[in-house]
């Protein structure tokens, strides 16, 4: 019997019950229907001592893949290292992911150990799958944000999948878009 996949969903929306929450719920429902173990973390609820990476580089001097700053991000980063699939879910804010999610992404620096003399790195990320769930008021900027996540996945040697939802409009209006629920459910099933 195959082990169930461990899926970590990082919900970057600061708003409950909105478009991103619905995407996350549908995706998680699809994944759980195939036996995946799914955990959802709200990035907006994390307590930080610092916002983003401070570039102290102390993480490069320790053996484990961990941030040395002791706050909520540290535990999330450990979970990322142990997950099979990492899902980044965010609304499009000023042509980028939400600040709440970006602060966590910047802290991912500790998940890579660089050897600058050989221009190589070690990381627990290769072989994992990254998924982007992204909704926006219109379609402008979606592809640019998708490309930035694809670059992270490629650099990290991770598989990459995405679901881009243009024209989601105001909070909750994603419920009125035909076929989006089905696409999110199917992606959750596929990834599991």
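All of the numbers you see were taken from the coordinates with simple rules; none came from a lab. Predicted model, so just to flag it, every value in this text is computed and none were measured. With ideal geometry, Cβ positions are generated from the backbone for all residues, glycine too; neighbour counts draw on all protein chains shown.
Can you tell me which of 154-160, 107-113, 37-43 comes out highest on packing, and rank the rest after it, using the mean Cβ neighbours within 10 Å?
107-113, 37-43, 154-160
With angles folded into 0 to 90 degrees, how steeply does helix 180-191 sit against the dominant principal axis of the chain? Use alpha carbons for both and round to 10.
40
Quick check: residue separation of residue 116 and residue 32 times 0.36 nm, minus the Cα distance between them. What number comes out in nm? Could you put the intermediate results ahead of the total?
Values: separation 84, 0.36 × 84 = 30.24 nm, distance 4.10 nm.
Working it through step by step, the gained length comes to 26.1 nm.
Helix 19-33: angle to the longest alpha-carbon principal axis of the chain, degrees 0 to 90, nearest 10?
80
Please compute the contact order of segment 33-74 in relative form: average sequence separation of alpha-carbon pairs under 8 Å and at least six residues apart, divided by the residue count, as a percent. Before the final figure, lay out each step's value.
Numbers: 20 pairs, mean separation 16.6, N = 42.
Relative contact order of segment 33-74: 40 percent.
Specify the angular offset, from 0 to 90 degrees and rounded to the nearest 10, of the alpha carbon long axis of helix 142-155 from the longest principal axis of the alpha carbons in the chain.
30
When the expected Rg is taken as 2.2 N^0.38 Å, what fraction or multiple of it is the alpha-carbon Rg of the chain?
Values: Rg = 16.5 Å, N = 192, 2.2 N^0.38 = 16.2 Å.
That ratio works out to 1.01.
Figure the gain on full extension for residue 178 and residue 48 (residue separation times 0.36 nm, minus the Cα-Cα span) and round it to one decimal in nm. Please list the in-between numbers first.
Working: separation 130, 0.36 × 130 = 46.80 nm, distance 3.80 nm.
Extra length available between residue 178 and residue 48 comes to 43.0 nm.
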